[in-house]
Amino acid sequence: DTAVSQTPKYLVTQMGNDKSIKCEQNLGHDTMYWYKQDSKKFLKIMFSYNNKELIINETVPNRFSPKSPDKAHLNLHINSLELGDSAVYFCASSHQEGRLAGVREQYFGPGTRLTVT
Amino acid sequence: QKEVEQDPGPLSVPEGAIVSLNCTYSNSAFQYFMWYRQYSRKGPELLMYTYSSGNKEDGRFTAQVDKSSKYISLFIRDSQPSDSATYLCAMSAGWRGSTLGRLYFGRGTQLTVWP
């Protein structure tokens, strides 16, 4: 009965490779997010999607490309991996119901620990 | 200057102590305030959610927001070893302007409660 799930949990790869991380939520939420958490635990938004529409697209390298095939899934593809991409990547979701609803609480997945060697 | 400042600690207290965690912020447009708890190697989980100023209590946890001072706090009473985790504050200006509902997180304070 996992609410927000991510695969894989761990990813070790070499510089220059391309990899994908998948995220699924079974909460019926309409908004999904990708966050990056660095080694100092700083959590920063990368992207958000609302009803499959890209809403937030932070200043991240264009090697990072999110894809939302439907409201329950948000994947992250990373091209030409670099050492600095090593971090924990978290997917999250919330039930936004439009902007008048304010900001709703976000539910996080368990994270994908990416190590680039 | 970062949007949200939080002392990373670490903070180490004996079981039963009252713990005080806090964050300061610079953006006066913030009106949604949250505290997340993150256990080691896990995702953050929402602990407290407050809209605008005031206090909110939930069991042993109390969240306070002072918008005039741009300062938020989380108090944990009768702390337990199971409270050992990293506590992250997060805040948002809602959907005003270009913020688009994004959350801004503090760096987190690492708390250890020893028996």
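Potential lengthening of the chain between residue A:26 and residue A:73 amounts to 16.0 nm, from the contour at 0.36 nm per residue minus the alpha-carbon distance. With both labels modelled 7 Å from their Cα along Cα-to-Cβ, the residue B:80 to residue B:7 distance reads 2.6 nm. With K and R counted +1 and D and E -1, the other residues having a Cβ less than 13 Å from that of residue A:10 yield a net charge of +4.
Taken across both chains, chains A and B shield about 2200 Å² of accessible surface from a 1.4 Å probe. Simple point charges give the picture: +1 on the Cβ of Lys and Arg, -1 on the Cβ of Asp and Glu, and for the protein assembly as shown a dipole about the Cα centre of about 360 debye.
Rounded to the nearest 10 square angstrom, residue B:67 shows an accessible area of 70 square angstrom against a 1.4 Å probe. Just to be sure I understand the curve: with the Debye formula and one point per C-alpha of the range A:1-106, what is log10 I(q)/I(0) at q = 0.24 Å⁻¹? Here log10 of I(q) over I(0) equals -1.45. Split the accessible area of the protein assembly as shown by element, probe 1.4 Å, and carbon with sulfur accounts for 48%.
On average, how much accessible surface per residue is there in the protein assembly as shown, in Å², for a 1.4 Å probe, leaving out ligands, DNA and RNA? Could the numbers behind the result be given before it?
On the way: 11060 Å² over 232 residues.
Spelled out: the 1.4 Å probe surface of the protein assembly as shown, per residue, equals 48 Å².
In whole Å, what is the distance between the alpha-carbon centres of the range A:44-117 and the range B:74-115? Going from one Cα centre to the other spans 20 Å.
I'd like the antiparallel share, as a percent to the nearest 5, of DSSP beta bridges with both residues in the protein assembly as shown.
Values: 74 of 82 bridges.
Looking only at bridges with both residues in the protein assembly as shown, the antiparallel portion is about 90 percent.
By a 1.4 Å probe calculation restricted to protein chains, residue B:84 has an accessible surface near 40 Å², given to the nearest 10. Between residue B:57 and residue A:97, the FRET efficiency from the beta-carbon distance, with R0 = 25 Å, is close to 0.40.
Consider all pairwise Cα distances in the range B:4-114 and report the whole-number % of them above 16 Å. Taking all Cα-Cα pairs of the range B:4-114, the fraction more than 16 Å apart is 56 percent.
What translational diffusion coefficient, in µm²/s and rounded to a whole number, does the Stokes-Einstein relation yield for the protein assembly as shown at 10 °C and a viscosity of 1.306 mPa s, taking the hydrodynamic radius as the Kirkwood radius over Cα pairs? Before the final figure, lay out the partial values.
Numbers: Rh = 18.3 Å.
Estimated diffusion coefficient is 87 µm²/s.
The values are calculated or read from the model by the stated rules, or taken from the named source; none is laboratory data. Bear in mind that the values here come from a model prediction, so they are computed numbers and not experimental data. So basically every Cβ, Gly included, is an ideal-geometry build from the backbone, and we count neighbours across all protein chains shown. Note: accessible area is taken over every heavy atom of the protein model, side chains too, but ligands, DNA and RNA are not part of it. Shrake-Rupley method; radii C 1.70, N 1.55, O 1.52, S 1.80 Å.
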